[in-house]
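Working notes, structure below.
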Amino acid sequence: MRKSIVYTFVACLLLAAMPYSVTADASEDIPTNAEATGVHDSLVAALAHADLVATLQGDGPFTVFAPTDQAFTDAGIDLDSFDTPEENATLVDILLYHVYSGNVSSSEVTDGLSVEMVNGDVASFTVVDGVVKIGEATVTTADVNASNGIIHVIDKVLMPPADDPFDGIDCAATIGLTTDGYGFTPSVVTIEPGQTVCWSWADASMAHNVKQVDGFQSSTYVAGGVTSGAPAQTVAFHHTFTENQTFYYACEPHVSMKMHGEIIVGDGGSQSTSSDKDSEDAPGFVASSMILAMLGAVLVMVRRSNQ
């Protein structure tokens, strides 16, 4: 009796550990099959909210990577939060990133394969020890056939890659933040007139900005000068420099902590750069200046004594 109970308990554990399987009616379309699985209620609701059900009931063929209800929960997607046209457009973009126009069966997936999804973004596959992943999601059940395509069940919601904020812009240099968040890197950049510098950081721990100052490590801002705007944790800003100059800037919230940078354009214009400033402050420069001053004074005294 005890052995029977133990065997039953072990069998239950094994069944719980096994991935669930999804069956489908190959004569029904993709949304109908998804609705019947019992583990894709969130996906079906999202498709209805985004007005995509009719699209996926079309002739196709489509390959749909279908996140489970648990995947939607883990992603924190709440359909009630998608109520403006912009938010609904975001939801459509997310859902169409799970759809490929055409049939892709598991036998066609190879490690490193990339495909363009219906939303226009590219998704990539990895295959390691027989485990297939698309992006960060694992395919838990493959090749569920429907009348207008194939469903692959996945355990995570795929998020489209962020748009490149500098798409179409030729950045001669891109400046970010140091690891501690209290500096620009690189802090000094040299470019030619006509070139563009880009500043970029995302989800920083503190808010930062770019604001022009009137000199090396100055805290005086230039009225009407170049600025990225209000300090923010995510910034994508660019500026094209058309003349020889040395452009000095600071982070407004951290100017007292010497969070500065400079852009040397061409010959740097008439302004001295930080390297010039450093050389002027160097002991050798100061000593040489003192010696020259003393020699000048001696020459003046000699001339006076000879008169």
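So is residue 238 under 18 Å from the mean Cα position of the chain (by Cα), touching a residue at least 60 places away in the same chain (Cβ under 8 Å) and in the same structural domain as residue 259 (by TED's automatic domain parsing) or not? Can you show your working first?
Values: under 18 Å from the mean Cα position of the chain (by Cα): yes; touching a residue at least 60 places away in the same chain (Cβ under 8 Å): yes; in the same structural domain as residue 259 (by TED's automatic domain parsing): yes.
Yes.
Would you pick out the residues in region 74-112 that are without any contact (Cβ under 8 Å) to a residue 40 or more places away in the chain and within 23 Å of the chain's Cα centre (by Cα)?
Correct list: 76, 78, 81, 82, 86, 87, 88, 89, 90, 112.
Out of 51, 74, 41, which single residue is over 21 Å from residue 133 (Cβ atoms), assigned by TED's automatic domain parsing to the domain that holds residue 142, surrounded by fewer than 14 Cβ atoms within 10 Å (Cβ to Cβ) and out of contact with any Gly (no Cβ under 8 Å at 6 or more places or on another chain)? Explain how you work it out, then say what you get.
Values: 74 fails: over 21 Å from residue 133 (Cβ atoms); 41 fails: surrounded by fewer than 14 Cβ atoms within 10 Å (Cβ to Cβ).
Only one candidate passes the filter, namely 51.
From the list 106, 101, pick out the single residue that is touching an Asp or Glu at 6+ places or on another chain (Cβ under 7 Å), under 20 Å from residue 142 (Cβ atoms) and not aromatic (Phe, Trp, Tyr). First the steps, then the outcome.
Values: 101 fails: touching an Asp or Glu at 6+ places or on another chain (Cβ under 7 Å).
On inspection, the qualifying residue turns out to be 106.
Could you please let me know if residue 205 is surrounded by fewer than 16 Cβ atoms within 10 Å (Cβ to Cβ), at pLDDT 95 or above and assigned to a loop (DSSP other than H, G, I, E, B)? Give the steps one after another, and end with the answer.
On the way: surrounded by fewer than 16 Cβ atoms within 10 Å (Cβ to Cβ): yes; at pLDDT 95 or above: no; assigned to a loop (DSSP other than H, G, I, E, B): yes.
Answer is no for this residue.
List pairs: first in region 183-196 and of a type in the set (S, T, N, Q), second part of a loop (DSSP other than H, G, I, E, B), Cβ under 8 Å, 6+ apart or cross-chain?
185/178; 195/170; 195/241; 196/169; 196/170; 196/241
Of these, 43, 56, 96, which one is touching a helix residue (DSSP H, G or I) at 6+ places or on another chain (Cβ under 8 Å) and either under 17 Å from residue 158 (Cα atoms) or acidic (Asp, Glu) (or both)? Let's see the steps before the verdict.
Numbers: 56 fails: either under 17 Å from residue 158 (Cα atoms) or acidic (Asp, Glu) (or both); 96 fails: touching a helix residue (DSSP H, G or I) at 6+ places or on another chain (Cβ under 8 Å).
Only one candidate passes the filter, namely 43.
Kindly check whether there is at least one residue in region 143-151 that is free of Cβ contacts under 8 Å to residues at least 12 places away in the same chain and assigned to a strand (DSSP E or B).
First, the residues of region 143-151 that are free of Cβ contacts under 8 Å to residues at least 12 places away in the same chain: none.
Taking every residue of region 143-151 in turn, none turns out to be free of Cβ contacts under 8 Å to residues at least 12 places away in the same chain and assigned to a strand (DSSP E or B).
The values are calculated or read from the model by the stated rules, or taken from the named source; none is laboratory data. Treat the numbers as computed from the prediction; the structure is a model and nothing was measured. A quick note on method: Cβ atoms are made from the backbone with ideal geometry, for glycine too, and the neighbour counts reach across all protein chains shown.
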